[in-house]
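Undergrad: Dropping a structure here in structure tokens format, bear with me for questions.
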Amino acid sequence: MEKRKAAWTEEQVMRTLEALQKNGMPAIYVATKAEAVEKVAAMLREGEVISCGGSVTLVESGVRDLMKSGKYRFLDREQIPAEEVYQKTFAADVFLTSANAITEKGEIYQVDGNGNRVAAMIYGPKRVIVVAGCNKLVPDVPAAVERVKCVAAPLNAKRLHTGTPCEELGHCCAEGKDMTAGCRSERRMCCQYVVTGYQRTPRIRVILVGETLGY
């Protein structure tokens, strides 16, 4: 599936890394997805219970292959009923995910359908690793909201064949830019909205990758 071309600058990356650090979220930059896999591997310990939400980024980067390598006790939704995975994830050692957007002010913006991904990110698993391509970088939360409505949600709708209006239109059907405005489809993906602006203990760690990954 063709993705929108994203451009970013070194200055934008540095601003974002510094802001994440100030907001209590340790962050590093790597140039390639191969390096991202190496960094994730260094953050994990063999035998740990790990889990993840649905993520194109984790697949495209190779992180999901690492998770399935047999070195870890992976709670895999492809092998275990989803509801069972959702419950067990709260007691996991590590939760891996990407982000819908990361702002230059050091905020992580997530939009979810079932809520399992955002729930595990903000509470439960001992550690959280966020892997995100630099195509996810935006100036601020309003830009993050727009990115989801005009890029992430429509592309995911096409991938999942949701039949939601954004799949056909290529953007959210709701007028205006209100965060929670959207369709009334039973398969709507945009239901829960979470902005992580600060953490008091360094539970969440971020890996920014200098490639276009995910939506």
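The values are calculated or read from the model by the stated rules, or taken from the named source; none is laboratory data. Only a predicted model underlies this, so the values are computations on that prediction, with no experimental measurement involved. Here Cβ is always computed from backbone atoms with ideal geometry, including for glycine, and neighbour counts include all displayed protein chains.
Undergrad: Out of the residues in the stretch 91-112 meeting the condition of being under 26 Å from GLU186 (Cβ atoms) and of a type in the set (Ser, Thr, Tyr), tell me which one is surrounded by the most Cβ atoms within 10 Å (Cβ to Cβ).
TA: Out of the qualifying residues, it is SER98.
Undergrad: If you check GLY115 against the conditions, is it touching a strand residue (DSSP E or B) at 6+ places or on another chain (Cβ under 7 Å), surrounded by 15 or more Cβ atoms within 10 Å (Cβ to Cβ) and either at pLDDT below 90 or not aliphatic (A, V, I, L, M) (or both)?
TA: The answer is no for GLY115.
Undergrad: When ASP76 is evaluated against the numbered criteria (1) among the acidic types (Asp, Glu); (2) in contact with a Pro (Cβ under 8 Å, 6 or more places away or on another chain); (3) surrounded by fewer than 15 Cβ atoms within 10 Å (Cβ to Cβ), which criterion, by number, is the only one it fails?
TA: (2)
Undergrad: Further, regarding this structure: Looking at the stretch 166-179, I want the residues that are more than 11 Å from CYS150 (Cα to Cα) and modelled with pLDDT of 90 or more and have a partner that is in a helix (DSSP H, G or I) and not charged (D, E, K, R) with Cβ atoms under 8 Å, at least 6 apart or on another chain. Which pairs are those?
TA: MET179/VAL145
Undergrad: What's the number of the condition VAL13 fails, among (1) within 19 Å of the chain's Cα centre (by Cα); (2) assigned to a loop (DSSP other than H, G, I, E, B)?
TA: The failed condition is (2).
Undergrad: Contact list please: Cβ distance under 6 Å, first residue in the stretch 187-200 and outside any loop (DSSP other than H, G, I, E, B), second residue surrounded by fewer than 14 Cβ atoms within 10 Å (Cβ to Cβ) and not aromatic (Phe, Trp, Tyr), pairs at least six apart or on different chains.
TA: Final answer for the pair search is GLN192/GLY115.
Undergrad: Same structure, new question: Does GLY170 fit the bill of being of a type in the set (Gly, Ala, Ser) and in contact with a strand residue (DSSP E or B) (Cβ under 8 Å, 6 or more places away or on another chain)?
TA: no
Undergrad: Exactly one of these conditions fails for ARG77: (1) under 18 Å from the mean Cα position of the chain (by Cα); (2) touching a residue at least 24 places away in the same chain (Cβ under 8 Å); (3) part of a loop (DSSP other than H, G, I, E, B). Give me its number.
TA: Checking ARG77 against (1) under 18 Å from the mean Cα position of the chain (by Cα); (2) touching a residue at least 24 places away in the same chain (Cβ under 8 Å); (3) part of a loop (DSSP other than H, G, I, E, B), the one that fails is (2).
Undergrad: It is to be established whether one or more residues within the stretch 42-59 are under 21 Å from VAL111 (Cα atoms), at pLDDT 95 or above and either surrounded by fewer than 18 Cβ atoms within 10 Å (Cβ to Cβ) or of a type in the set (Phe, Trp, Tyr) (or both).
TA: Yes, the stretch 42-59 contains at least one residue that is under 21 Å from VAL111 (Cα atoms), at pLDDT 95 or above and either surrounded by fewer than 18 Cβ atoms within 10 Å (Cβ to Cβ) or of a type in the set (Phe, Trp, Tyr) (or both).
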